[in-house]
Amino acid sequence: MMIAVNLMKGLDKIGVPYRFNDYKYIKNHPEEIACIIGKPNLLFEKKWVNPVIFGAGVYSHPIECPDLFTKYPNVKRFLVPGEWMRKMCAPYYLDKVIACPAGIDTDHWQTAAAGPKEFDFLIYNKIQGDQLTNDIIEILSKQNLTYQFISYGTYTQHELKHRLANSKAAIFLSKSETQGLAYQQMLAAGIPILAWEKGGYWEDPAYFPHRVKYRPVSAVPYWDNRCGIKFNTIVDFEVKLPAFLNNLNHFQPRAYILENLTLEKCAVQYMEIYQQVKKEIK
């Protein structure tokens, strides 16, 4: 839903009109492009005449519908949130799969970095039960660095914003992200990140290892040196922690988001895809 909501916010900002869930209109105008986001059943359960841009957020791997473009020839593009996922899908969907990220509401997250900082780190944990988390806590405690936690799937946007406002930096622990909206919201709030970049295989339990074995993946697929520092093992974490802390004021995480992932920029990218499809169907 956030993909659709942020796209609509971006379209508002660049002055592009749209209709949301107006099934009657699209049915009565079969020549117009239907944009299906996050609801694959809308394609599979309805008989579409319209050209379709499918995604993002519809399903995680082409094995769910390997014959998508032959079974549904009116589908013109398959959108995914990031580049490693595009590469994973490309052997099935070729040049019809395109990486198109959701925009980040930079106005909303700007105020999250204001005020005094009670904690050195906000630890964002998406790997509950992993020994890495305990080892990181032990290292932080030995160095008298303070921290607070937020766990994937258990918080509200307001809670994340509040905790970011009380943290100097973040530690992001995830095995992989197709886009990674949470860490990008942190960057938009001006929070530098120490990010675990495990690499290796995509370990989604619905697919790995019995259905899909794909690598390499990334936990921070949108990133440059302004965002913070990556580490891949606990030894690497301990080595890089001092450099991260010494350079805390030199990182420019929000600048990276403003350059690459604003609501407006992502809406423009979506519209470029839309216009390409529109030219093809004339």
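Sorting 248, 164 on the 10 Å Cβ count, fewest up front, what's the list? Before the final figure, lay out the partial values.
Details: 248 12, 164 25.
Ascending number of Cβ neighbours within 10 Å: 248, 164.
Applying the Karplus parametrisation 6.51 cos²θ - 1.76 cosθ + 1.60 with θ = phi - 60° to the phi angles of region 203-215, what ³J(HN,Hα) value in whole Hz is obtained for each residue in order, glycine and proline being reported as x?
9, 4, x, 6, 10, 9, x, 7, 10, 9, 10, 10, 7
What ranking do 269-277, 181-189 get when scored by the average of other Cβ atoms within 10 Å per residue, highest first? Numbers along the way, then the final one.
On the way: 269-277: 16.0, 181-189: 25.0.
Going by the mean number of other Cβ atoms within 10 Å, highest first, we get 181-189, 269-277.
For region 40-74, state which trypsin sites (Lys or Arg not before Pro) are in a DSSP loop and have at most 10 other beta carbons lying within 10 Å of their beta carbon.
Details: sites: 46, 47, 71; in loops: 46, 47.
Answer by residue number: 47.
Assign one of three labels to region 16-60, namely rounded, prolate or oblate, based on the Cα gyration tensor with a ≥ b ≥ c the square roots of its eigenvalues; rounded applies when a/c is under 1.5, prolate when it is not and a/b is larger than b/c, and oblate otherwise.
Details: a/c = 1.95, a/b = 1.35, b/c = 1.44.
Oblate shape, in that a/c is at least 1.5 and b/c is the bigger or equal ratio.
Can you sort 108, 210, 61 from fewest to most other Cβ atoms within 10 Å of each residue's own Cβ? Spell out each step's value before the answer.
On the way: 108 15, 210 8, 61 18.
Placing the least packed residue first, the sequence is 210, 108, 61.
If I model a spin label at residue 23 and residue 154 as a point 7 Å from the Cα along the Cα→Cβ vector, what separation in nanometres do I get?
3.8 nm
Could you work out the local net charge near residue 51, counting Lys and Arg as +1, Asp and Glu as -1, over the other residues with Cβ closer than 13 Å to its Cβ? Walk me through the numbers on the way to the answer.
Numbers: positive: 76, 77, 96, 278, 279, 282; negative: 31, 32, 280.
Value of the local net charge: +3.
Most exposed first by the Cβ proxy, i.e. fewest other Cβ within 10 Å, how do 251, 54, 119 rank?
Numbers: 251 21, 54 26, 119 16.
Listing 251, 54, 119 from fewest to most nearby Cβ atoms yields 119, 251, 54.
I want to verify a result. In a Gaussian network model of the chain, Cα cutoff 10 Å, which of these has the top mean-square fluctuation: 18, 147, 256?
For the chain, modelled as a Gaussian network with Cα springs under 10 Å, the answer is 18.
Once a ≥ b ≥ c are taken as the square roots of the eigenvalues of the Cα gyration tensor of region 151-272, is the result rounded (a/c under 1.5), prolate (a/b larger than b/c) or oblate (a/b not larger than b/c)? Please list the in-between numbers first.
Numbers: a/c = 1.55, a/b = 1.13, b/c = 1.38.
Oblate is the answer for region 151-272, as a/c is 1.5 or above yet b/c matches or exceeds a/b.
On a 0 to 90° scale, report how tilted helix 131-142 is relative to the longest principal axis of the chain, with both axes built from alpha carbons and the result rounded to the nearest 10.
Tilt of helix 131-142: around 40 degrees.
Amide H of residue 230: which non-local residues (sequence gap of 5 or more, or other chain) have their own amide H closer than 5 Å, using H built in the peptide plane?
HN-HN under 5 Å from residue 230: 195.
Can you list the residues, at least 5 places off or on another chain, whose amide H is less than 5 Å from the amide H of residue 119, using H built in the peptide plane?
Placed amide hydrogens put 167, 168 under 5 Å from residue 119.
Calculate one ³J(HN,Hα) per residue across region 23-29 by plugging θ = phi - 60° into the Karplus curve 6.51 cos²θ - 1.76 cosθ + 1.60, and present them in order as whole Hz with x for glycine and proline.
5, 5, 5, 5, 5, 7, 10
Within 13 Å, Cβ to Cβ, of residue 13, how many net charges do the neighbouring residues add up to if Lys/Arg are +1 and Asp/Glu are -1?
Values: positive: 9, 265; negative: 12, 105, 107, 264.
Residues close to residue 13 contribute a combined charge of -2.
Given the C-alpha centroids of region 74-128 and region 139-163, what is the distance between them in whole angstrom?
If we compute the Cα centre of each part, the gap is 20 Å.
What are the ³J(HN,Hα) values, in whole Hz, obtained from phi via the Karplus relation 6.51 cos²θ - 1.76 cosθ + 1.60 with θ = phi - 60°, for each residue of region 65-76 in sequence order, with x given for Gly and Pro?
7, x, 9, 3, 7, 9, 6, 10, x, 7, 6, 9
Quick query: amide H of residue 262 versus all other amide H atoms, modeled in the peptide plane; which residues come in under 5 Å with a sequence gap of 5 or more or a different chain?
Distant-sequence amide H within range of residue 262: 104.
Below 8 Å, C-alpha to C-alpha, sequence gap of six or more: please give me the relative contact order for the chain in percent. Each step should come with its number before you reach the end.
Values: 481 pairs, mean separation 55.5, N = 282.
It comes to 20 percent, rounded to a whole number.
Kindly flag which residue pairs out of 87/198; 168/265; 161/213; 126/265 have an alpha-carbon separation exceeding 24 Å in this structure. Could the numbers behind the result be given before it?
Details: 87/198 18 Å; 168/265 28 Å; 161/213 36 Å; 126/265 28 Å.
Too far apart for the 24 Å limit: 168/265; 161/213; 126/265.
Every number here is computed from the coordinates shown, using simple stated rules; none is lab data. Since this is a predicted model, take the numbers as computed values, not measurements. All Cβ positions, even for glycine, are placed from backbone atoms using ideal geometry, and neighbour counts span all protein chains on display.
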